Amino acid sequence: MLCSLLGFSLKIEKKSTLTVKIQNIKKSEGTIYVTIYNNAEDFLEKGKELKRKKIKPQIPCAEVTFEVQNGAYAIALYQDVNENQKLDKTFVGYPKEPFGFSNNFQPKFSKPTFDDCFFWVSGTKKEVQIALIH
């Protein structure tokens, strides 16, 4: 009986299928890296991502799915056209390769924050569309 009572007191986290639809793909070369973050402190910090997947680009769009708990998330992605496993940047730090963020946030003078890009996942399915910036 104690085990039954403990079972009822455990919080059951709901899982959702998060589908990321990547649009505005102009080249089929390379790999697209899609990275999910779930808190502001780790956003865009290398090695601090919640989940990461890589996919082959398909013109004009591609998609990838993740299983996540309900909550707040932000996505950053880029197309590694030259396959060197990093986002190449100019001398001032602006990306040379196609990139994008959730909420289709377009940075002007600095990199985005988690607050610029976050969205909520609730229920069993969520779809996010991100257009690559070239």
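The values are calculated or read from the model by the stated rules, or taken from the named source; none is laboratory data. None of the values given here were measured: they were computed from a predicted structure. Methodologically, a virtual Cβ is constructed for each residue, glycine included, from the backbone with ideal geometry; neighbour enumeration extends over all protein chains shown. Ligands, DNA and RNA are stripped out before the accessible areas are found, and what is left, the full protein with its side chains, is counted by its heavy atoms. Shrake-Rupley method; radii C 1.70, N 1.55, O 1.52, S 1.80 Å.
General remarks:
- Average accessible surface for the chain: 64 Å² per residue, computed with a 1.4 Å probe over protein heavy atoms with every protein chain in place.
- For the range 18-134, the relative contact order is 35 percent, taking Cα pairs closer than 8 Å that sit 6 or more residues apart in sequence and dividing their mean separation by the residue count.
- Surface accessible to a 1.4 Å probe, S110 within the full protein complex, Å²: 80
- Carbon/sulfur fraction of accessible area - the chain, other protein chains in place, 1.4 Å, %: 54
- Applying both filters, DSSP loop and at most 14 other Cβ atoms within 10 Å, to the GluC sites (Glu not before Pro) of the range 43-134 gives E45, E83.
- Considered as an equivalent ellipsoid built on the Cα gyration tensor, the chain has semi-axes of 32, 16, 13 Å, the largest given first.
- Debye log10 I(q)/I(0) at q = 0.23 Å⁻¹ for the range 57-134, Cα point scatterers: -1.20
- Whole-Å distance, taken between Cα centres, linking the range 72-134 and the range 55-71: 13
- Residues K15, K108, ordered by accessible area of protein heavy atoms at a 1.4 angstrom probe radius and largest first, appear as K108, K15.
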